[in-house]
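Reviewing the structure listed below.
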């Protein structure tokens, strides 16, 4: 009888360990998905100009010169925040 109870307990612990491992894998996937989304933080032209403290014509000129890359999604223009920050860092260093 005691042996049977230990087998039941061991079986339940094994099931709990498997569930926790599955939960851990799902949590890692969720964190990676959120990181990917954060990396693609998109700003409108107005938000970009405000962040850079420049005018809209200046933003347009920088885009045409290739200093900033603009992405078109559904007919709307966006800029990646991380690319803007990289541009600022390059400007500061030079």
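Miscellaneous remarks
- Count of region 65-88 residues which are surrounded by 10 or more Cβ atoms within 10 Å (Cβ to Cβ) and in a helix (DSSP H, G or I): 8
- Region 55-73 residues that are outside the structural domain of residue 83 (by TED's automatic domain parsing), paired with ones that are at pLDDT below 95 and surrounded by 12 or more Cβ atoms within 10 Å (Cβ to Cβ) (beta carbon under 8 Å, 6 or more apart): none
The values are calculated or read from the model by the stated rules, or taken from the named source; none is laboratory data. Please read all numbers here as calculations on a predicted model, not as lab measurements. No Cβ is skipped: glycine too gets one built from the backbone with ideal geometry, and neighbour counts run over all protein chains shown.
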